[in-house]
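The values are calculated or read from the model by the stated rules, or taken from the named source; none is laboratory data. Values in this document were obtained by computation on a predicted structure and should not be read as measured data. Glycine also receives a Cβ, built like all others from the backbone with ideal geometry; neighbour counts cover every protein chain displayed. Just the protein is used for accessible areas: all its heavy atoms, side chains included, with ligands, DNA and RNA removed. Shrake-Rupley method; radii C 1.70, N 1.55, O 1.52, S 1.80 Å.
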Amino acid sequence: MTPAEHHLLMMVQIFILGSIPLALLAFQVWFRKPAPSPAPQPVIPHEDESPAGSFLDVALPPPALPLPEEKGVPVRQWKRVDGWMALLLVAVLGVLMGPLLSTPGKTESAPFSTEQWTVQLAFQIGFAGLVLFYLSQIRHLDLVKLFGLRRLRPVEHLSRALAWIIPGMVGIFLIAVMVTPPLLRLLDLPKASPQGIVSAIQDIQDPWTKVLIAISACIGAPLMEEIIFRGFLYGVAKRFTHSSYAAVCSALMFAVIHANVGSFLPLMLLGLLFVAAYEYTGSLVVPVIMHALFNLLQLSYLFFGPELIPHAG
């Protein structure tokens, strides 16, 4: 990663972390809709026609009307403590996975040994488990209802995921091809540095290590990142700000933790696609499957592409 790429990613990460409290303040103070004035309540008349003002004149309680069903991802269950927890979570994840740990001007080396990939998989499952523990045991939220796990059947989950990810990937590829070169020229970069993890994966020959990489990329990463960025961060930001800001914020943070300028735009667009699928279907399982399919395609190319492409010609 070049110093220019490192500085750019650091500026994006600082912008995201700084904009979250400012957005919360702006939407809660300036853009919040005023509460409607309460309607006058009827009173219970006296049985003996006595003058008004008696203790028998008791205001009727307002009728318990059912709340209207929320459109898309539900957000009523989130509280202010969840907003602070989401901000802390994003900051910690940005430190552990973002560009802060990258050394500018040095070729990145991704974990490639079996032990290192085992640690990475344990980190992904453990971090997702901590978030789920907070939501279920500390906040006492119903995870099945919270993430819409019963809204679709298993076959519907897969079909919806395929219906979203196939055209979405085509569109993201076309946009990246058109936008990335002029963007690099604007940043005065001849080309973007490749992700260190890509070079490391291509050099791996051990079958067991490849299995761990596949589990990490297609199970661990989709679960952890979708629970954090779509299930938690997006939901909380949508509750206290606006769905548009929540979508962009979660997508930017999703892209910046991968610490690569060349893949930043495609990953940001991919994050927006995951949000759209989550909103439309109401089930977090759909973006998890989409994420797993995307990583599986990328991993298949890294493992088998160099061998297949020469023979195809």
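Quick one: if the Förster radius is 45 Å, what FRET efficiency do VAL177 and LEU88 give, using the C-beta to C-beta distance and rounding to 0.05?
Here the calculated transfer efficiency is 0.75.
Please work out how much length the chain gains when fully extended from SER159 to ILE125, using 0.36 nm per residue of separation minus the C-alpha to C-alpha distance, in nm with one decimal.
That works out to 9.7 nm of additional length.
At 1.4 Å probe size, what's the solvent-accessible area of HIS242? Round to the nearest 10 Å².
Its accessible surface works out to 90 Å², give or take rounding.
Tell me, what is the 1.4 Å probe accessible area of VAL92, in Å² to the nearest 10?
For VAL92, solvent-accessible area is about 60 Å².
Full extension from TRP208 to PHE15: what is 0.36 nm times the residue separation minus their Cα-Cα distance, to one decimal in nm?
65.5 nm
At a Förster distance of 51 Å, what's the computed FRET efficiency of PHE303 paired with LEU67, Cβ-Cβ distance as r, to 0.05?
So the FRET efficiency works out to roughly 0.55.
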